[in-house]
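In what follows, a single structure is set out as C-alpha coordinates and then discussed.
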Amino acid sequence: MSISDTGTRPFYRAVGNEERVFRAAFAQQLPVMLKGPTGCGKTRFVEAMAHDLGRPLITVSCHDDLTTADLVGRYLLRGGDTEWVDGPLTRAVREGAICYLDEVVEARQDTTVVLHPLADHRRQLPIEKLGETLTATKGFCLVVSYNPGYQSVLKDLKDSTRQRMVAIEFDYPAEDIEVGIVMAESGSDERRAGDLVRLAQAIRRLDVPGIREVSSTRVLIAAARLAQAGLPLIEAAEAAIVAPLSDDRAVGASLRKLLDVYLPD
Ligand code: ADP
(Lines give C-alpha, C1' and ligand atoms only; values in the text may rest on other atoms or scores of the structure.)
Protein backbone atom coordinates (compact mmCIF):
# COMPACT_ATOMS: atom_id res chain seq x y z
CA MET A 1 0.00 0.00 0.00
CA SER A 2 1.21 3.50 -0.64
CA ILE A 3 -0.23 6.78 0.49
CA SER A 4 0.47 9.99 -1.32
CA ASP A 5 -0.71 13.41 -0.36
CA THR A 6 -1.29 16.36 -2.55
CA GLY A 7 2.06 18.11 -2.96
CA THR A 8 3.01 19.39 -6.40
CA ARG A 9 0.93 18.16 -9.32
CA PRO A 10 2.47 15.12 -10.95
CA PHE A 11 3.10 15.74 -14.66
CA TYR A 12 0.21 14.30 -16.62
CA ARG A 13 -0.62 15.15 -20.22
CA ALA A 14 -4.28 14.58 -21.08
CA VAL A 15 -4.89 12.30 -24.03
CA GLY A 16 -8.67 12.66 -24.47
CA ASN A 17 -11.63 13.58 -22.28
CA GLU A 18 -10.43 11.49 -19.30
CA GLU A 19 -10.08 14.44 -16.92
CA ARG A 20 -13.62 15.68 -17.63
CA VAL A 21 -15.11 12.22 -17.17
CA PHE A 22 -13.20 11.64 -13.93
CA ARG A 23 -14.24 14.99 -12.46
CA ALA A 24 -17.89 14.33 -13.31
CA ALA A 25 -17.73 10.85 -11.77
CA PHE A 26 -16.08 12.24 -8.64
CA ALA A 27 -18.69 14.99 -8.33
CA GLN A 28 -21.44 12.36 -8.54
CA GLN A 29 -19.63 9.96 -6.19
CA LEU A 30 -19.43 7.25 -8.83
CA PRO A 31 -16.60 4.71 -8.83
CA VAL A 32 -14.25 4.70 -11.80
CA MET A 33 -12.58 1.89 -13.74
CA LEU A 34 -9.45 2.79 -15.74
CA LYS A 35 -9.12 0.30 -18.58
CA GLY A 36 -6.07 -0.13 -20.74
CA PRO A 37 -2.68 -1.71 -21.33
CA THR A 38 0.17 -1.41 -18.87
CA GLY A 39 2.40 1.65 -18.95
CA CYS A 40 -0.05 3.95 -20.70
CA GLY A 41 -0.55 6.44 -17.87
CA LYS A 42 -3.38 5.12 -15.67
CA THR A 43 -1.48 5.45 -12.40
CA ARG A 44 -0.04 8.84 -13.28
CA PHE A 45 -3.55 9.99 -14.23
CA VAL A 46 -5.08 9.03 -10.89
CA GLU A 47 -2.19 10.75 -9.08
CA ALA A 48 -2.83 13.96 -11.03
CA MET A 49 -6.59 13.76 -10.41
CA ALA A 50 -6.09 13.23 -6.66
CA HIS A 51 -3.94 16.33 -6.63
CA ASP A 52 -6.43 18.42 -8.62
CA LEU A 53 -9.36 17.31 -6.46
CA GLY A 54 -7.40 17.86 -3.25
CA ARG A 55 -7.84 14.29 -2.00
CA PRO A 56 -5.22 11.98 -0.49
CA LEU A 57 -4.52 8.93 -2.66
CA ILE A 58 -4.24 5.44 -1.20
CA THR A 59 -2.92 2.92 -3.72
CA VAL A 60 -3.10 -0.86 -3.39
CA SER A 61 -1.34 -3.12 -5.93
CA CYS A 62 -3.62 -6.13 -6.11
CA HIS A 63 -2.25 -9.67 -6.31
CA ASP A 64 -3.77 -13.13 -6.12
CA ASP A 65 -3.27 -13.46 -2.38
CA LEU A 66 -4.98 -10.18 -1.59
CA THR A 67 -7.92 -10.88 0.69
CA THR A 68 -10.80 -8.89 2.08
CA ALA A 69 -8.91 -8.60 5.40
CA ASP A 70 -5.92 -7.05 3.59
CA LEU A 71 -8.25 -4.35 2.28
CA VAL A 72 -10.52 -3.87 5.28
CA GLY A 73 -8.28 -4.53 8.27
CA ARG A 74 -7.60 -7.09 10.95
CA TYR A 75 -6.91 -7.57 14.64
CA LEU A 76 -3.19 -7.66 15.34
CA LEU A 77 -1.46 -8.80 18.47
CA ARG A 78 0.41 -5.90 20.08
CA GLY A 79 2.20 -6.48 23.39
CA GLY A 80 -0.25 -9.11 24.54
CA ASP A 81 -3.32 -7.15 23.45
CA THR A 82 -5.27 -7.43 20.27
CA GLU A 83 -5.75 -4.21 18.43
CA TRP A 84 -7.81 -3.48 15.35
CA VAL A 85 -5.83 -1.99 12.45
CA ASP A 86 -7.68 -0.44 9.52
CA GLY A 87 -6.75 -1.73 6.07
CA PRO A 88 -6.20 0.73 3.20
CA LEU A 89 -9.79 0.60 1.98
CA THR A 90 -11.23 1.33 5.43
CA ARG A 91 -8.78 4.14 5.87
CA ALA A 92 -9.81 5.69 2.55
CA VAL A 93 -13.51 5.33 3.46
CA ARG A 94 -12.97 7.07 6.81
CA GLU A 95 -10.69 9.82 5.46
CA GLY A 96 -12.54 10.53 2.23
CA ALA A 97 -9.53 9.56 0.16
CA ILE A 98 -9.27 8.23 -3.37
CA CYS A 99 -8.59 4.50 -3.11
CA TYR A 100 -6.85 3.13 -6.20
CA LEU A 101 -6.91 -0.65 -6.57
CA ASP A 102 -4.34 -1.33 -9.27
CA GLU A 103 -5.02 -4.49 -11.35
CA VAL A 104 -8.13 -5.27 -9.36
CA VAL A 105 -8.92 -8.59 -11.11
CA GLU A 106 -5.83 -10.03 -9.50
CA ALA A 107 -7.45 -9.76 -6.06
CA ARG A 108 -9.34 -12.75 -4.69
CA GLN A 109 -12.96 -12.98 -5.72
CA ASP A 110 -14.19 -12.65 -2.12
CA THR A 111 -13.09 -8.99 -2.12
CA THR A 112 -16.14 -8.19 -4.28
CA VAL A 113 -18.23 -8.71 -1.14
CA VAL A 114 -16.86 -5.48 0.28
CA LEU A 115 -16.41 -3.65 -3.00
CA HIS A 116 -19.99 -3.99 -4.23
CA PRO A 117 -21.84 -2.10 -1.45
CA LEU A 118 -19.14 0.56 -1.64
CA ALA A 119 -19.41 0.86 -5.40
CA ASP A 120 -23.14 1.45 -5.61
CA HIS A 121 -25.49 4.08 -4.17
CA ARG A 122 -25.00 2.71 -0.64
CA ARG A 123 -21.32 3.70 -0.41
CA GLN A 124 -21.07 1.43 2.58
CA LEU A 125 -18.27 -0.75 3.86
CA PRO A 126 -19.33 -3.66 6.02
CA ILE A 127 -16.65 -4.59 8.56
CA GLU A 128 -17.74 -7.98 9.73
CA LYS A 129 -15.07 -8.39 12.39
CA LEU A 130 -16.09 -5.14 14.10
CA GLY A 131 -19.80 -5.72 13.54
CA GLU A 132 -19.94 -2.26 11.96
CA THR A 133 -20.87 -0.77 8.64
CA LEU A 134 -19.15 2.46 7.67
CA THR A 135 -20.63 4.96 5.28
CA ALA A 136 -17.98 6.54 3.06
CA THR A 137 -16.98 10.09 3.90
CA LYS A 138 -17.62 12.65 1.17
CA GLY A 139 -14.57 12.72 -1.06
CA PHE A 140 -14.06 8.96 -0.94
CA CYS A 141 -13.73 7.60 -4.46
CA LEU A 142 -13.07 4.03 -5.50
CA VAL A 143 -10.87 3.76 -8.59
CA VAL A 144 -9.76 0.45 -10.07
CA SER A 145 -7.49 -0.33 -12.98
CA TYR A 146 -7.91 -3.20 -15.30
CA ASN A 147 -5.86 -4.43 -18.25
CA PRO A 148 -8.22 -6.27 -20.61
CA GLY A 149 -5.24 -7.81 -22.47
CA TYR A 150 -4.14 -9.79 -19.42
CA GLN A 151 -7.39 -11.44 -18.64
CA SER A 152 -8.44 -14.99 -19.29
CA VAL A 153 -11.97 -16.30 -19.00
CA LEU A 154 -11.11 -17.47 -15.51
CA LYS A 155 -9.85 -14.09 -14.42
CA ASP A 156 -12.17 -11.45 -15.65
CA LEU A 157 -13.96 -8.68 -13.90
CA LYS A 158 -17.48 -9.80 -13.00
CA ASP A 159 -20.26 -8.03 -14.88
CA SER A 160 -21.86 -7.13 -11.57
CA THR A 161 -18.65 -5.28 -10.63
CA ARG A 162 -18.16 -3.62 -14.02
CA GLN A 163 -21.69 -2.34 -14.12
CA ARG A 164 -21.16 -0.38 -10.94
CA MET A 165 -18.33 1.64 -12.47
CA VAL A 166 -17.78 4.46 -14.91
CA ALA A 167 -15.15 3.24 -17.37
CA ILE A 168 -12.41 5.40 -18.84
CA GLU A 169 -10.48 3.77 -21.65
CA PHE A 170 -6.75 4.36 -21.96
CA ASP A 171 -4.62 3.65 -24.98
CA TYR A 172 -1.24 4.80 -26.22
CA PRO A 173 -1.41 8.52 -26.97
CA ALA A 174 -1.27 10.18 -30.38
CA GLU A 175 2.28 10.67 -31.71
CA ASP A 176 2.75 14.34 -30.82
CA ILE A 177 1.42 13.80 -27.29
CA GLU A 178 3.59 10.74 -26.69
CA VAL A 179 6.68 12.55 -28.01
CA GLY A 180 5.95 15.37 -25.54
CA ILE A 181 5.59 12.89 -22.66
CA VAL A 182 8.87 11.11 -23.50
CA MET A 183 10.65 14.47 -23.74
CA ALA A 184 9.25 15.71 -20.45
CA GLU A 185 9.93 12.49 -18.55
CA SER A 186 13.43 11.83 -19.88
CA GLY A 187 14.90 15.19 -20.86
CA SER A 188 15.43 13.94 -24.44
CA ASP A 189 15.21 16.26 -27.41
CA GLU A 190 12.33 16.05 -29.88
CA ARG A 191 14.26 14.11 -32.49
CA ARG A 192 15.26 11.30 -30.14
CA ALA A 193 11.82 11.09 -28.53
CA GLY A 194 10.23 11.10 -32.00
CA ASP A 195 12.45 8.24 -33.22
CA LEU A 196 11.54 6.14 -30.18
CA VAL A 197 7.82 6.83 -30.52
CA ARG A 198 7.85 5.89 -34.22
CA LEU A 199 9.73 2.69 -33.34
CA ALA A 200 7.05 1.87 -30.75
CA GLN A 201 4.30 2.55 -33.27
CA ALA A 202 5.93 0.08 -35.68
CA ILE A 203 6.12 -2.53 -32.91
CA ARG A 204 2.47 -1.86 -31.99
CA ARG A 205 1.47 -2.53 -35.62
CA LEU A 206 3.20 -5.94 -35.63
CA ASP A 207 1.03 -8.97 -35.36
CA VAL A 208 3.49 -11.58 -34.14
CA PRO A 209 2.88 -14.43 -31.71
CA GLY A 210 5.49 -14.49 -28.94
CA ILE A 211 5.22 -10.82 -28.02
CA ARG A 212 3.80 -10.48 -24.55
CA GLU A 213 2.57 -6.90 -24.80
CA VAL A 214 3.41 -4.07 -27.14
CA SER A 215 5.79 -1.30 -26.15
CA SER A 216 4.30 1.10 -23.65
CA THR A 217 5.07 4.76 -23.08
CA ARG A 218 6.88 3.58 -19.93
CA VAL A 219 9.48 1.54 -21.85
CA LEU A 220 10.08 4.41 -24.29
CA ILE A 221 10.84 6.68 -21.36
CA ALA A 222 13.21 4.07 -19.94
CA ALA A 223 15.05 3.79 -23.28
CA ALA A 224 15.27 7.57 -23.57
CA ARG A 225 16.67 7.79 -20.03
CA LEU A 226 19.34 5.17 -20.73
CA ALA A 227 20.33 7.20 -23.78
CA GLN A 228 20.44 10.37 -21.64
CA ALA A 229 22.87 8.48 -19.41
CA GLY A 230 25.18 8.13 -22.41
CA LEU A 231 24.22 4.72 -23.82
CA PRO A 232 23.99 4.66 -27.64
CA LEU A 233 20.30 4.86 -28.59
CA ILE A 234 20.21 1.43 -30.26
CA GLU A 235 21.63 -0.26 -27.17
CA ALA A 236 19.24 1.66 -24.96
CA ALA A 237 16.28 0.59 -27.08
CA GLU A 238 17.44 -2.99 -27.14
CA ALA A 239 17.71 -3.13 -23.35
CA ALA A 240 14.55 -1.22 -22.47
CA ILE A 241 12.21 -1.97 -25.38
CA VAL A 242 13.16 -5.14 -27.28
CA ALA A 243 14.51 -7.48 -24.61
CA PRO A 244 11.57 -7.15 -22.17
CA LEU A 245 9.05 -7.80 -24.95
CA SER A 246 9.85 -11.36 -25.90
CA ASP A 247 11.83 -14.42 -24.87
CA ASP A 248 11.65 -15.83 -28.38
CA ARG A 249 14.92 -15.50 -30.31
CA ALA A 250 13.29 -15.23 -33.73
CA VAL A 251 10.95 -12.49 -32.51
CA GLY A 252 13.90 -10.71 -30.89
CA ALA A 253 15.80 -10.84 -34.18
CA SER A 254 12.93 -9.29 -36.15
CA LEU A 255 12.45 -6.58 -33.51
CA ARG A 256 16.16 -5.78 -33.70
CA LYS A 257 15.81 -5.20 -37.45
CA LEU A 258 13.27 -2.51 -36.66
CA LEU A 259 15.87 -0.77 -34.51
CA ASP A 260 18.16 -0.33 -37.53
CA VAL A 261 15.30 1.14 -39.54
CA TYR A 262 13.87 3.50 -36.93
CA LEU A 263 16.95 4.52 -34.98
CA PRO A 264 19.37 5.55 -37.71
CA ASP A 265 22.07 7.20 -35.56
P1 ADP B 1 -0.02 2.38 -15.97
O2 ADP B 1 -0.52 2.74 -14.60
O3 ADP B 1 -1.06 2.52 -17.05
O4 ADP B 1 0.69 1.05 -16.02
P5 ADP B 1 1.77 4.60 -15.55
O6 ADP B 1 0.82 5.66 -15.16
O7 ADP B 1 2.63 4.01 -14.50
O8 ADP B 1 1.07 3.45 -16.39
O9 ADP B 1 2.68 5.22 -16.73
C10 ADP B 1 3.99 4.81 -16.96
C11 ADP B 1 4.86 6.02 -17.12
O12 ADP B 1 4.58 6.61 -18.39
C13 ADP B 1 4.57 7.12 -16.08
O14 ADP B 1 5.43 6.97 -14.97
C15 ADP B 1 4.84 8.38 -16.84
O16 ADP B 1 6.24 8.63 -16.81
C17 ADP B 1 4.51 8.03 -18.28
N18 ADP B 1 3.22 8.43 -18.81
C19 ADP B 1 2.37 7.65 -19.51
N20 ADP B 1 1.31 8.36 -19.94
C21 ADP B 1 1.49 9.63 -19.49
C22 ADP B 1 0.73 10.85 -19.64
N23 ADP B 1 -0.42 10.88 -20.32
N24 ADP B 1 1.23 11.97 -19.06
C25 ADP B 1 2.41 11.94 -18.39
N26 ADP B 1 3.16 10.82 -18.23
C27 ADP B 1 2.72 9.68 -18.79
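The values are calculated or read from the model by the stated rules, or taken from the named source; none is laboratory data. Values in this document were obtained by computation on a predicted structure and should not be read as measured data. Positions of Cβ are backbone-derived with ideal geometry, glycine not excepted, and every protein chain shown enters the neighbour counts. Only protein heavy atoms, including side chains, enter the accessible area calculation; ligands, DNA and RNA are left aside. Shrake-Rupley method; radii C 1.70, N 1.55, O 1.52, S 1.80 Å.
Being within 16 Å of Thr43 (Cα to Cα), at pLDDT 95 or above and open to solvent by less than 30 Å² (accessible area, probe 1.4 Å) is true of Leu142. Given the structure, is Glu132 without any contact (Cβ under 8 Å) to a residue 12 or more places away in the chain and open to solvent by 50 Å² or more (accessible area, probe 1.4 Å)? Against the criterion (without any contact (Cβ under 8 Å) to a residue 12 or more places away in the chain and open to solvent by 50 Å² or more (accessible area, probe 1.4 Å)), Glu132 qualifies. When Glu103 is tested against the conditions (1) in contact with a Phe, Trp or Tyr (Cβ under 9 Å, 6 or more places away or on another chain); (2) modelled with pLDDT under 95; (3) farther than 30 Å from Pro244 by Cα, the lone failure is (3). Got a number for residues in segment 24-82 being among the β-branched types (Val, Ile, Thr), in contact (Cβ under 8 Å) with a residue 60 or more places away in the chain and closer than 16 Å to Leu115 by Cβ? Adding up the residues that qualify gives 1. For segment 208-227, the set of residues classified as open to solvent by 50 Å² or more (accessible area, probe 1.4 Å) and either of a type in the set (Ser, Thr, Tyr) or over 25 Å from Lys42 (Cα atoms) (or both) consists of Val208, Pro209, listed by residue number. Checking each residue of segment 34-52 against the condition of being in contact with a Cys (Cβ under 8 Å, 6 or more places away or on another chain) and among the aliphatic types (A, V, I, L, M) gives no match. The residue that is farthest from Ile58 (Cα to Cα), counting only those in segment 121-151 that are more than 16 Å from the ligand (Cβ to nearest atom) and under 22 Å from the mean Cα position of the chain (by Cα), is Gly139.
Segment 1-99 holds helices (runs of 4 or more DSSP H) entirely within its bounds, and those carrying 2 or more residues that are more than 30 Å from Lys129 (Cβ to Cβ) and more than 13 Å from the ligand (Cβ to nearest atom) map to 18-27, 42-53.
The C-beta contact set for segment 161-180 (first residue within 19 Å of Phe22 (Cβ to Cβ), second residue within 12 Å of the ligand (Cβ to nearest atom) and of a type in the set (Lys, Arg), distance under 8 angstrom, 6+ apart or interchain) comprises Ala167/Lys35; Ile168/Lys35; Glu169/Lys35; Phe170/Lys35; Phe170/Lys42; Pro173/Arg13; Ile177/Arg13.
How do the helices (runs of 4 or more DSSP H) wholly within segment 153-265 filter down when requiring 1 or more residues that are within 16 Å of the ligand (Cβ to nearest atom) and within 20 Å of the chain's Cα centre (by Cα): which remain?
Once the helices (runs of 4 or more DSSP H) in segment 153-265 are filtered for at least 1 residues that are within 16 Å of the ligand (Cβ to nearest atom) and within 20 Å of the chain's Cα centre (by Cα), what remains is 175-186, 190-205, 217-228.
The residues of segment 50-66 that are surrounded by fewer than 16 Cβ atoms within 10 Å (Cβ to Cβ) and touching a helix residue (DSSP H, G or I) at 6+ places or on another chain (Cβ under 7 Å), listed by number, are His63, Asp64.
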